[in-house]
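The values are calculated or read from the model by the stated rules, or taken from the named source; none is laboratory data. The structure displayed is predicted, hence computed values, not measured ones. Methodologically, a virtual Cβ is constructed for each residue, glycine included, from the backbone with ideal geometry; neighbour enumeration extends over all protein chains shown.
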Amino acid sequence: MKIAVIGCGHMGCALLAGLLKSGISDAHLIPIDPDERVRAQLEQRLKLHCGSAPDAGLRAVQALILSVKPDILADVARQIAPYLQTQLVISVAAGIRIAALARWLGGYSRIVRAMPNLPASIGLGITGLAALPSVREADRACAERILSGVGQIVWCLDEDQLDALTALCGSGPAYVFYFIEALEDAARRLGFDDTRARTLARTTFTGAAALAAQSGAAASALRAQVSPPNGTTAAALALFDAKRMREAIVRGVLAAHQRAIEIASAPGQD
Ligand SMILES: NC(=O)c1ccc[n+]([C@@H]2O[C@H](COP(=O)([O-])OP(=O)(O)OC[C@H]3O[C@@H](n4cnc5c(N)ncnc54)[C@H](OP(=O)(O)O)[C@@H]3O)[C@@H](O)[C@H]2O)c1
């Protein structure tokens, strides 16, 4: 199956890396990005030749992944519309509704919305998918085949649920990186040099995350195992609670969700 990726910045590049890792050959991937630096990076990092603008080559692909910023998706849709025949269009643009994209594509309706996240680049992503009821089973299966190459997939009931998943999983890696940054700061304050701070924070994080993923126990039960009353960990957790950290995290995710709703209702989409 030939797949074009339109827009090869952070997410487009992550998807290309994950698709290569899943066994799709470079001959079957057609990346397109107008940014010369992005094209050079793709060539260097993934050994992929990247085109600078959509062209008639798009007629030969089975699927196009649109991975440009939401605010330019309308322009990009108009650029690719002349080349659409029977291809599946997969949009990863946060908050952009299928109905709006279909209109920008001149009424083309073979569209699936996807919300992947950056660990897709190493095959450990989680991607939410949403489609209108009219989308054929074969097109849904095609989207599943492509995105399951870069991690797990979850079908959402509708686009509202995909916006909720965006706040959780699309943005989620940033929350995790933020926590890792804080652990690294703490390690440096405790006297470790940069290299060791990095190793200590990341290995602790990935080890605990892998344990949580493998264990059937609730996260609260796992936490209790590490934090007997009056111990060292309990001292840290008491401060987190006093600062209402858990509530701040929940509110942060809800703020991301609110932003996805705002993008979805921005002028031009209705
Ligand atoms: N980053 C994430 O973690 C994440 C997660 C889930 C979903 N997404 C979605 O993925 C999309 C891309 O996000 P990103 O973070 O990867 O943005 P990004 O790093 O800015 O990448 C977008 C790329 O598209 C290029 N582009 C601009 N116009 C184009 C055109 N006409 N044809 C082809 N490529 C074009 C941009 O080039 P220029 O720089 O020259 O404009 C840029 O290299 C967004 O819609 C976002 O909502 C991102």
Open item on the list: Return the residues of region 127-149 that are free of Cβ contacts under 8 Å to residues at least 40 places away in the same chain and of a type in the set (D, E, K, R); say none if nothing qualifies.
Closed with: Arg136, Glu137, Arg140, Glu144
TODO: Read through the list (1) within 17 Å of the chain's Cα centre (by Cα); (2) without any contact (Cβ under 8 Å) to a residue 60 or more places away in the chain, then give the number of the only condition that Arg59 fails.
DONE: (1)
Task: Qualifying residue in region 68-85 (condition: assigned by TED's automatic domain parsing to the domain that holds Ala130, of a type in the set (Asp, Glu) and under 28 Å from Asp163 (Cα atoms)) - done: yes
Open item on the list: What's the number of the only condition in (1) assigned to a helix (DSSP H, G or I); (2) within 27 Å of Leu147 (Cβ to Cβ) that Gly216 fails to meet?
Closed with: (1)
Task: Pairs where the first residue, in region 97-123, is surrounded by 21 or more Cβ atoms within 10 Å (Cβ to Cβ) and the second is among the polar types (S, T, N, Q) and assigned to a helix (DSSP H, G or I), C-beta under 6 Å, 6+ apart - done: Met115/Thr166
Open item on the list: When you check Ala17 against the structure, is it of a type in the set (A, V, I, L, M, F, W, C), more than 10 Å from the ligand (Cβ to nearest atom), touching a residue at least 24 places away in the same chain (Cβ under 8 Å) and more than 26 Å from Leu157 (Cα to Cα), yes or no?
Closed with: yes
Open item on the list: Of all residues being charged (D, E, K, R) and under 30 Å from Ile65 (Cα atoms) in region 145-193, which is surrounded by the most Cβ atoms within 10 Å (Cβ to Cβ)? Just the residue, please.
Closed with: Asp163
TODO: Residue by residue through region 20-48, note down the ones that are of a type in the set (A, V, I, L, M) and away from the ligand (no atom under 15 Å from the Cβ).
DONE: Leu20, Ile24, Ala27
Open item on the list: Condition first: surrounded by fewer than 10 Cβ atoms within 10 Å (Cβ to Cβ) and under 29 Å from Ala167 (Cα atoms). Can you find one or more residues in region 194-210 that meet it?
Closed with: no
Task: Out of Ile65, Ile98, sole residue that is assigned by TED's automatic domain parsing to the domain that holds Ala143 and within 30 Å of Thr206 (Cβ to Cβ) - done: Ile65
Task: From Ala60, Ala114, residue being among the hydrophobic types (A, V, I, L, M, F, W, C), out of contact with any Cys (no Cβ under 6 Å at 6 or more places or on another chain) and closer than 24 Å to Ala164 by Cβ - done: Ala114
